[in-house]
Amino acid sequence: MAETLFADLEAVDIKRPPTEDELPYDDGIPMETWRHVTQMHLLLEQIDLAFAGRDYFAAGNMFVYFSPEQVRDYDFRGPDFFVALGVPWRERKSWVVWEEGKAPDVVIELMSTSTARFDKTGKKEIYQDRLRVPEYFYYHPHTGERAGFVLRDGLYHPIKPDAQGRMISRKLDLMLVDWYGEYKHIETNWLRWATLDGELLPVGAELADKAVQRADEAEMLADEAGQRADEAEMRADEAERRANEAVQRANEEAQRANEEAQRAHELSQLLEQYRKQFGELPS
């Protein structure tokens with residue numbers, strides 16, 4: 001099958017390192033299960049949303065070329081997930097180390113029964129000795145088995161999980177955590193990226209749900225504000241009514257006072273006339 005797929009490589013001058021466009025980028029072999037595919041998409045979606053606007057490239061199930069000898073030997077490595085930092089984002093067919101100037105910074109292999117042994121040994125050695133990938137993780141989507149390694153002095157050393165089983169990626173300043181929930185209509189345990197504080201990096205559906213939730217909360221707050229405004233308007237109307245009644249009572253009191261003053265004035269005038277006509281009133 002490889003001879004059929006890569007027959008076109010006979011025309012490539014191996015003495016000149018081939019370019020991305022000259023190298024095979026598809027072996028026609030699908031990933032093990034739909035769970036594997038979905039797990040890869042989950043990790044990629046989180047990184048792509050979290051790293052948007054930064055210089056990086058993340059991909060899954062893509063060939064990584066680290067030596068032209070791979071072309072001769074049909075030795076193609078396709079990590080299930082990898083991230084390279086400090087590179088411009090652009091569409092790529094493969095990751096070609098001699099063109100990019102660096103290997104990926106983080107690699108995750110999604111194990112299966114048929115690949116677990118090689119992921120733990122042969123592939124790990126290639127990432128350690130040939131590619132020198134700073135951090136390497138493997139994970140089994142169906143059993144949950146996982147481990148992580150950091151490159152120090154040319155050798156991989158285990159990354160010790162914390163009490164919750166979380167593994168820190170110092171290259172990404174993130175953690176890989178076990179999460180139970182639904183993604184792409186599959187409810188199970190997933191490997192997910194989280195901040196060093198333990199907050200999960202979101203995926204698009206979660207962002208959409210949060211946006212809907214915020215919209216509902218905003219609508220509820222608007223309704224409550226409208227209700228408070230209506231109540232305030234009612235209180236203002238009631239206060240205005242009471243004020244008008246108070247003004248009316250004051251006017252009525254003022255009118256009665258004027259009437260009393262008028263009557264007192266009239267009595268005073270009558271008394272004055274009486275005095276002029278009859279003298280002082282007897283004591």
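The values are calculated or read from the model by the stated rules, or taken from the named source; none is laboratory data. Quantities reported herein were computed from a predicted structural model and do not represent experimental measurements. Virtual Cβ from ideal backbone geometry, glycine too; neighbours counted across all protein chains shown.
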Completion exercise
Here the qualifying pairs (Cβ atoms under 7 Å; residues six or more apart or on different chains; first in the stretch 45-66 and without any contact (Cβ under 8 Å) to a residue 40 or more places away in the chain; second assigned to a loop (DSSP other than H, G, I, E, B) and β-branched (V, I, T)) come out as D55/V87; Y56/V87; F57/V87
Practice task
Kindly indicate which of D119, D105 is under 17 Å from F137 (Cβ atoms) and at pLDDT below 95.
Solution key: D119
Practice task
Could you tell me whether the stretch 72-94 includes any residue that is free of Cβ contacts under 8 Å to residues at least 24 places away in the same chain, more than 29 Å from G204 (Cβ to Cβ) and touching a strand residue (DSSP E or B) at 6+ places or on another chain (Cβ under 9 Å)?
Solution key: no
Problem - Scan of the stretch 28-40 for residues that are modelled with pLDDT of 55 or more and either small (G, A, S) or surrounded by 15 or more Cβ atoms within 10 Å (Cβ to Cβ) (or both), ordered by number - result: M31, E32, R35, H36, V37, T38, Q39, M40
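So, restricting to strands (runs of 3 or more DSSP E) that lie completely within the stretch 124-204, which ones have at least 1 residues that are over 21 Å from W34 (Cβ atoms) and over 26 Å from the mean Cα position of the chain (by Cα)?
On the way: elements: 135-139, 146-152, 155-158, 167-169, 174-183, 186-195.
In the stretch 124-204, the matching strands (runs of 3 or more DSSP E) lie at 146-152, 155-158.
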Fill in the blank from the handout: (1) out of contact with any His (no Cβ under 8 Å at 6 or more places or on another chain); (2) within 30 Å of D48 (Cβ to Cβ); (3) surrounded by 10 or more Cβ atoms within 10 Å (Cβ to Cβ) all hold for K184 apart from (1)
Handout entry: Flag if L201 is touching a residue at least 40 places away in the same chain (Cβ under 8 Å), within 23 Å of G86 (Cα to Cα), surrounded by 12 or more Cβ atoms within 10 Å (Cβ to Cβ) and in contact with a helix residue (DSSP H, G or I) (Cβ under 7 Å, 6 or more places away or on another chain)
Key = yes
